Every structure is written in C-alpha cells, then in structure tokens.
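> Provided herewith is a single structure, encoded as structure tokens, for subsequent inquiry.
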Ligand SMILES: [Fe+2]
C-alpha cells in the first residue's frame, strides 16, 4: 500500500507513506495484549477460525458490518471510528521531508523501512536502522555523495538490524548507537542523550515497550523552519501502537 513510489531494481525509494500495520495487525495486537480468546471474537463476528486467521494475516475482513465492529472494538479497547476507517482503507498522507529519505527493504514479503537523515548544511548523514539489505542504502549514499558518520538503531529486532554487519564493513568510519550492549564497539544509550549530526541537534530517549532496547531519535530542524522528525522504530505506527504483549497495559 505505497503511493508515489519509485522503483530502483529490487528496492524502493519513495515519499514516506502507507501503513506498516494493517487492520488485522491492529486487531491481533489488541487480542493478544488483552488476552482475549480468539473464540470469543469469532463468535462476536460470526466468522470461522479460517476467517479470523486470514484477517489477522491479510487485514481484509469478510464483513465490515458496523454494529459488530463497534462491539468488537469495545472489547479490544480500540477506537471504533478510527479502526473502521483503517478497515475501509484509510492511509496517512504521505510525508515529504527534504532531508529525510525513506528506503524500503524487502525480506521475502515483509517490508521494513530504513532512513537517511542529512544535515542541511553539509553532506553529513546518519542511517536509521538497516532493514533487510544494505544495497538500497549504499546506492543512495553513493549516488548523493553522502558522508555517513553515524548509524542509529531504534531497536535490535532482526528486521531492523539485518544489514548492520554489511554496513559496518562498508562504512567503517560510522559510529553505531544502540540501546543494548550486544553489538561490539557500539555506543550504548541507556536513558537520555544528545547527539550532533553536523549542525543538527538530535535528542535520544530510551523508549522500551515494543523492545527492551527501544530508542527514539528526535531530530530538530527548527533552524530550517521545518518540523522535527522522531524515529521511533516499531514503538508507534501510523494506525496503532507497536506490539508489546508483555507490557501491553503500559500503552496509552
Ligand atoms: Fe520491532
């Protein structure tokens, strides 16, 4: 569900848009987090087990009849109006930012985003997460002549760090910042810290929940009259919170 995308071989560079989690993902995260039995929801919706499995996998419901969804949303503590609009295909407006580039990598059908964040005053650049493959990132870096001195890791789930060994090898000068001590020679951030990227100030906060080592990087572009950008990893999606079954009750 991507708009305005441009294809370059096996990867995609495009304006930031679309939902990474569909209605079925949102439904499943609440069901698992609140420990609601699948059978109860199947009965409420008048579905079969296969209907529920297909919905959670694909995000397409056999029925969008609203009275049933209102009751189900109440049970799952979801906003019924917002959930049903996602069910009917709502997507956020694409975000275009002159100094942030989103790059989508594909891990056998599972899309994961990485980002390039550039200082407007120079070519100094940070990579945010790696996605599945370094190819698209490296091609964009070479094409634009960017100097990558930092790699920011929002969390250590495999889909966000799969290409880290490749990138460390290709960019030996880059410092890696993470929230865990598992990556050799990485700079570990445990609470709040400021980084500099060229003339940009970057605030880093520990944001555990979806992952124990979750970090959020907030880049301040106010000197350029642009909104700040927060890289939250999987902590927040456009349509929902990130999955956090073990800490579900901490979510707002
Ligand atoms: Fe994750």
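> Only counting other Cβ atoms within 10 Å, I'd like 241, 138, 110 sorted with the fewest neighbours first.
Sorted ascending by nearby Cβ count, the order is 110, 138, 241.
> Binning at 5 angstrom from zero up to the longest distance, how are the C-alpha pair distances of the range 146-252 distributed in percent?
2, 12, 20, 22, 20, 14, 7, 2, 0
> According to the square roots a ≥ b ≥ c of the eigenvalues of the Cα gyration tensor, what is the shape class of the range 93-135, taking rounded for a/c under 1.5, prolate for a/b larger than b/c otherwise, and oblate for the remainder?
Oblate is the answer for the range 93-135, as a/c is 1.5 or above yet b/c matches or exceeds a/b.
> Going by how many other beta carbons lie within 10 Å of each one, how would you line up 53, 74, fewest first?
In increasing order of surrounding Cβ atoms, one gets 74, 53.
> For the range 23-90, what's the relative contact order in percent, using C-alpha pairs closer than 8 Å and at least 6 residues apart?
RCO, the range 23-90: 39 percent.
> Averaging sequence separations of C-alpha pairs under 8 Å and six or more residues apart, then dividing by the length of the chain, give the relative contact order as a whole percent.
It comes to 15 percent, rounded to a whole number.
> Further question on the same structure: Over the range 31-145, what is the relative contact order in percent, taking alpha-carbon pairs closer than 8 angstrom and at least six residues apart?
Relative contact order of the range 31-145: 14 percent.
> When the chain is fully extended, how far beyond the present Cα-Cα distance does residue 218 get from residue 50, taking 0.36 nm per residue of separation?
56.3 nm
> Only bridges with both residues in the chain count here: give the DSSP antiparallel percent, nearest 5.
Counting DSSP beta bridges with both partners in the chain, the antiparallel share is about 75 percent.
> Turning to a different aspect of this structure: With labels modelled as points extended 7 Å from the Cα through the Cβ direction, what inter-label distance (nm, one decimal) is found for residue 85 paired with residue 106?
Distance between label points: 3.1 nm.
> Right, something else. Convex hull over the Cα atoms of the range 23-90, averaged projected area in nm²?
Result: 3.8 nm².
> How far is it, in nm, from the label point at residue 43 to the one at residue 99 when both lie 7 Å from their Cα along the line to the Cβ?
Here the answer is 5.7 nm between the modelled labels.
We did not get these values from a lab; they are worked out from the coordinates using the rules stated. None of these values were measured; they are calculated from a predicted model. Neighbour counts are summed over all protein chains in view; Cβ atoms, including those assigned to glycine, are modelled from backbone coordinates with ideal geometry.
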